[in-house]
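The values are calculated or read from the model by the stated rules, or taken from the named source; none is laboratory data. Everything numeric here is computed off the predicted structure, so don't read it as measured data. Methodologically, a virtual Cβ is constructed for each residue, glycine included, from the backbone with ideal geometry; neighbour enumeration extends over all protein chains shown. The accessibility values were calculated without ligands, DNA or RNA, using every heavy atom of the protein model including side chains. Shrake-Rupley method; radii C 1.70, N 1.55, O 1.52, S 1.80 Å.
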Amino acid sequence: MTAEQDVITAPKPASAARHHDGLTHEQLLSAYRQMKTIREFEERVHVENASGAIPGFTHLYCGQEAVAVGACEHLTDADYIISTHRGHGHCIAKGCDVVGMMKEIHGRRDGLNGGKGGSMHIADIGKGMLGANGVVGAGQPIAVGAAIACKLRGEGRIAASFTGDGASNQGTVFEAMNMAVVLQLPKVFVFENNGYSEHTGASYGIGCEDIVKRIEGFGIPVWQADGFDFFSVYEAMGKALEVSRNGGGPTAIYCETIRYFGHFEGDPQNYRAKDEVQRYRAEKDCLLKFRARMEANGGLSTDELDAVDREVGALIERAVQEARNAPRPRAEDLLTNVYDNY
């Protein structure tokens, strides 16, 4: 994300002519690079976590990259997002520094949040990333507050929140949707149904059986997208933003996707079919779909995509090495940036 804090644009500006699904060459490169960065970042965190280098719980976003990037490629630093406990992908898609994130997850002093946020509470206010959140459904009311600020400022900014199928059952989410409608806020609700709430299948845990109808029941228009396809999500988010940025109140997009790893690192995943993840990786993977579309319709060459792969691989390797060598917090850091009285 390179837009200045006070510049509102949607989608991102580009100098070149649009030639592929309304996207420029630069935008296509950006979208692929962001998805590939999320994938490589998460795959490497998976390895680092198994080595014992990462403290605390870690929840990986692999498989869902098209949703985060398809939504955030429309946004600038001036727009806000709020994430979930599975927040690395949203952070990267919103433009947070990858090296700083890796240091943060490793609990290092010069991490993005001083090593105090860790995997589940990364934030970067300068990028409009108000934080991941370890409490299920807790980000939605925060995003509503941000949307109230956006409306009062009257500058065309919006707030977006990401919610999983499990959190869609939370009362906090219901209250947030209701308030957003009552106050007609510039707010986009992004629902990611990855099939499981922790270890419980969505088909069992969602009483109404249809999240879209539930959202519509609050008076919020919903655009459905293929969560495995960047272009589908990008299109849906564009339509939702057209309404929310222009005084039309809250909107939502709904995406069905899948996570490749467990609910948390170390989850044995006994609730999944043996070949489930392998099948999705082979048949529906968002990166493979993007590459196939470029090959079929043009836009980016194989050489360009391969070059991005190499650049991202080098970036993630540097991030890991710097994180391993970064200083740990000092004892005197314990009481900094916290409330010492109430």
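Quick notes
- Members of region 127-152 that are of a type in the set (K, R) and open to solvent by 60 Å² or more (accessible area, probe 1.4 Å): K151
- Test: residue in region 98-105 that is buried (at least 18 other Cβ atoms within 10 Å of the Cβ) and assigned to a loop (DSSP other than H, G, I, E, B): no
- Among the residues listed as E192, E175, E198, the single one being among the acidic types (D, E), touching a residue at least 12 places away in the same chain (Cβ under 8 Å) and under 23 Å from A149 (Cβ atoms): E175
- Among the residues of region 200-210, those that are assigned to a loop (DSSP other than H, G, I, E, B) and loosely packed, with under 14 Cβ neighbours inside 10 Å comprise G207, C208, E209, D210.
- Looking at N246, N297, N270, just one residue is open to solvent by 20 Å² or more (accessible area, probe 1.4 Å) and closer than 28 Å to V45 by Cα, and that residue is N270.
- Scanning region 326-342 for residues that are of a type in the set (S, T, N, Q) and surrounded by fewer than 10 Cβ atoms within 10 Å (Cβ to Cβ), we see that the one that is modelled with the lowest pLDDT is N341.
- Matching residues in region 106-120 - criterion: being in a loop (DSSP other than H, G, I, E, B), in contact with a Gly (Cβ under 9 Å, 6 or more places away or on another chain) and not aliphatic (A, V, I, L, M): H106, G107, R108, R109, D110, G111, N113, G115, K116, G117, G118
- Test set (1) open to solvent by 20 Å² or more (accessible area, probe 1.4 Å); (2) in a helix (DSSP H, G or I); (3) at pLDDT 90 or above - E155 fails condition number: (2)
- Subset of region 41-59 (residues that are among the hydroxyl-bearing types (S, T, Y) and either surrounded by 15 or more Cβ atoms within 10 Å (Cβ to Cβ) or outside any loop (DSSP other than H, G, I, E, B) (or both)): T58
- Scanning region 177-194 for residues that are surrounded by fewer than 19 Cβ atoms within 10 Å (Cβ to Cβ) and touching a helix residue (DSSP H, G or I) at 6+ places or on another chain (Cβ under 7 Å) yields a single hit, L183.
- Total residues in region 285-294, condition within 22 Å of the chain's Cα centre (by Cα) and either open to solvent by 40 Å² or more (accessible area, probe 1.4 Å) or aromatic (F, W, Y) (or both): 4
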